[in-house]
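One structure is given here, and the rest of the page talks about it.
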Amino acid sequence: MWTIIKNEIHYLRRSRALLLISLSFSLVLLASLFLGNKQTQQQTEAYNTAKDHVRAQWEGIKKMNPHSAAHYGTYVFKPSNLLSSLDEGVNSVTGNVLRVEGHVQNEIVHSEASQMLMISKFGKLKSSLLLQFIVPLLLIFLAFHSISSEKQSGRLKLLVLQGAKPYTLIIAKTITVWLYGLALLILVILTYALLNLEGLNSETLLRTSLFFLSYAAYYFIISGLTIFFSVRWQNATVALTSMLAIWILWTIFIPNILMSSVESWHPLPSRAEFKAAMTEDRSKGIDGHNPSDERGKELKEKVLREYGVDSVSQLPINFDGIRMQADEEYGNIVWDKHFGNLRKVQTKQKKNFQLGGIINPFIALQNTSMGFAGNDNLHHQEFLVQVEHYRRDLVKILNDKHAFGGSKSGDWSWKADNAFFKSVADFNYRPIALKSVFSSYILDLVIITLWLLLIIVLLSQAAKKIRIV
């Protein structure tokens, strides 16, 4: 088999057209990787600059009422992932700036896509775009006439008469085409590693390895399936047409049809409906800014009983801070309820979409590519959750300072000093460890593995159909 592979590689090397195409495409591939890596570095620099600027503003507060500071708020910026230069996933459309303040859970804004002059269906020229769409096309054009041309030239008969087994011949040709795709993939991975040597760690290396294995498996599926058609059809044109039709179905039609179906099976509320439901539930809680609110009166009576006094003025603390925090905690319950329901629906959508990989391995590839790069919706949602937890902690610190820092109820002129604001911790995003989210991608890995086994079976069956006349 290895002799056949060597001969096939030697034959491919003699093709000037293939050499020129390979060189040109490699340059485009490397250029996209360089540009993507440069953009990631620029985004990281911009992130650090903005983060330091906002923190300096916070620490620059001389004196301010703690609750006024809660309304003043701060900003949190989503950091760039080191693997974004390989696959940026959903990051270009999800936004990267979030305002953190009291009473309000804001939406993340300023997505990269919203600032682009032109929105393409396939997005910007990224290495993941080339690896997912263009490399498979090259493999198809290399493999579609692999066996059929041997039949037409009579070389297949000669090889079999010389002792080459049909199955060995088919596997050897599949591996030869696959190695071409693998070479391009290795070129991208090694270049990426060289560009980011300082930032590499065990977590990044593991993610990159799984990223590599996912693409390597998909390329074998593409190569093997094309060889299968080349064996089954006498006409090379029919084999090419069949495989191109599958490529179009896999990359364009099936993902869009499936996503539309999943969204209809498990519909999400519209933004207007979601906000209306949140507002309605929020109105049922305590109003931190309305002393005459009935729920606020109940809280006041409770606090008075705890301190054994008859009026708010006799309290040794500031009841306004207590009421503000109670308002926040009720809002947190509402947030957990509605966003929790939203995530349940998204989880159902994701599971159903993943199952689409059974008929379309391209779906499984895209899922693992974004997931292992750390730029899928799961990682984005984790960022939002961490920001919300930080917002709650920040507002509670400010309300507690307002309540127990030494001021009296009704004294809104009292101010905390600069030392207090400097003591409030800044937001620190903690990336999810791969082992914590690996279970989310097991289904995709299993599906890709099943497709690999199916391709091997198909090639085995195709070998039995070869007839030497």
Lone qualifier among Leu258, Leu304, Leu268 - being crowded, with 16+ Cβ neighbours inside 10 Å, more than 30 Å from Val135 (Cα to Cα) and modelled with pLDDT of 90 or more
Leu304
Suppose we filter Lys348, Lys297 for residues that are basic (Lys, Arg) and either in contact with a Lys or Arg (Cβ under 9 Å, 6 or more places away or on another chain) or over 22 Å from Ile254 (Cα atoms) (or both); which single one remains?
Lys297
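Residue-wise test of (1) among the charged types (D, E, K, R); (2) more than 30 Å from the chain's Cα centre (by Cα).
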position: Ser24; (1), (2): no, no
position: Glu45; (1), (2): yes, no
position: Thr49; (1), (2): no, no
position: Lys62; (1), (2): yes, yes
position: Val90; (1), (2): no, no
position: His103; (1), (2): no, no
Any residue in region 407-416 that is surrounded by 12 or more Cβ atoms within 10 Å (Cβ to Cβ) and either free of Cβ contacts under 8 Å to residues at least 60 places away in the same chain or under 30 Å from Gly357 (Cα atoms) (or both)?
no
Testing Ile448 on (1) more than 30 Å from Gln386 (Cβ to Cβ); (2) touching a helix residue (DSSP H, G or I) at 6+ places or on another chain (Cβ under 8 Å); (3) not charged (D, E, K, R); (4) not in a helix (DSSP H, G or I), one condition comes back false. Which one is that?
(4)
For region 68-85, which residues satisfy the criterion of being farther than 21 Å from Val109 by Cα and modelled with pLDDT of 90 or more?
Ser68, Ala69
Quick check: anything in region 290-301 exposed (fewer than 12 other Cβ atoms within 10 Å of the Cβ), modelled with pLDDT of 85 or more, closer than 23 Å to Ile397 by Cβ and over 47 Å from the mean Cα position of the chain (by Cα)?
no
Test: residue in region 347-370 that is in contact with a His (Cβ under 6 Å, 6 or more places away or on another chain) and assigned to a helix (DSSP H, G or I):
yes
Would you be able to tell me the number of residues in region 213-232 that are over 23 Å from Ile363 (Cα atoms) and surrounded by fewer than 18 Cβ atoms within 10 Å (Cβ to Cβ)?
1
Quick check, is Ile9 aliphatic (A, V, I, L, M) and part of a helix (DSSP H, G or I)?
yes
When every residue in region 405-433 that is in contact with a helix residue (DSSP H, G or I) (Cβ under 7 Å, 6 or more places away or on another chain) and assigned to a helix (DSSP H, G or I) is compared, the one farthest from Asn375 (Cα to Cα) is Phe420
Please identify the pairs in which a residue from region 33-48 that is small (Gly, Ala, Ser) has its Cβ atom under 8 Å from the Cβ atom of a residue that is assigned to a helix (DSSP H, G or I), counting only partners at least 6 apart or on another chain.
Gly36/Ser84; Gly36/Ser85; Gly36/Ser127
Sort through Gln57, Gln39 and tell me the only one that's assigned to a helix (DSSP H, G or I) and surrounded by fewer than 14 Cβ atoms within 10 Å (Cβ to Cβ).
Gln57
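The values are calculated or read from the model by the stated rules, or taken from the named source; none is laboratory data. Keep in mind that what you see is a predicted model, and the values were worked out from it rather than measured. As a convention, Cβ positions derive from the backbone with ideal geometry for all residues, glycine included, and neighbour counts pool all protein chains shown.
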